[in-house]
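Step one of this worksheet: look at the structure below.
Bear in mind these aren't lab numbers, they're just calculated from the coordinates by the rules spelled out. As the structure is a computational prediction, the values presented were derived from the model and not from experiment. With ideal geometry, Cβ positions are generated from the backbone for all residues, glycine too; neighbour counts draw on all protein chains shown.
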Amino acid sequence: MRLSINDNSYEGFAAEVVRLARIKYPPMHRFATDLALAVGVAHLSRQAIYDWEGGRTKVPASVFWAAIDLAKLSPQQIMNLWLLRDRVNASLKLK
């Protein structure tokens, strides 16, 4: 199952937050290594991260919060992402 921006679930939002965090915290191998350390696992593969981003697997809450922390996403950035989702969803419903 692939999630899209019009998915209002936690899973869809968490996937977008992980993607934004990865983009803000390059390169990918450093993001994966540091995220693994933050959540207390020995290794996270790039594929696991891409699977979370694509909605193929659920983002654990520990990963959600660790990604926010690593990328230093502000509460305002997170809220803006949520509001953007709402605007897109509203415009899609009008069509």
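Worth a mention:
- Highest-first packing order for the peptide set 14-23, 46-55, 80-89 is 14-23, 46-55, 80-89, based on the mean count of other beta carbon atoms within 10 Å.
- Helix screen, the chain: DSSP H segments with Cα axial length of 18 Å or more and mean Kyte-Doolittle hydropathy at least -0.5 are 10-24, 75-94.
- Dipole of the chain [Lys/Arg +1, Asp/Glu -1 at C-beta], most positive-end residue of PRO27, THR57, ASN89: ASN89
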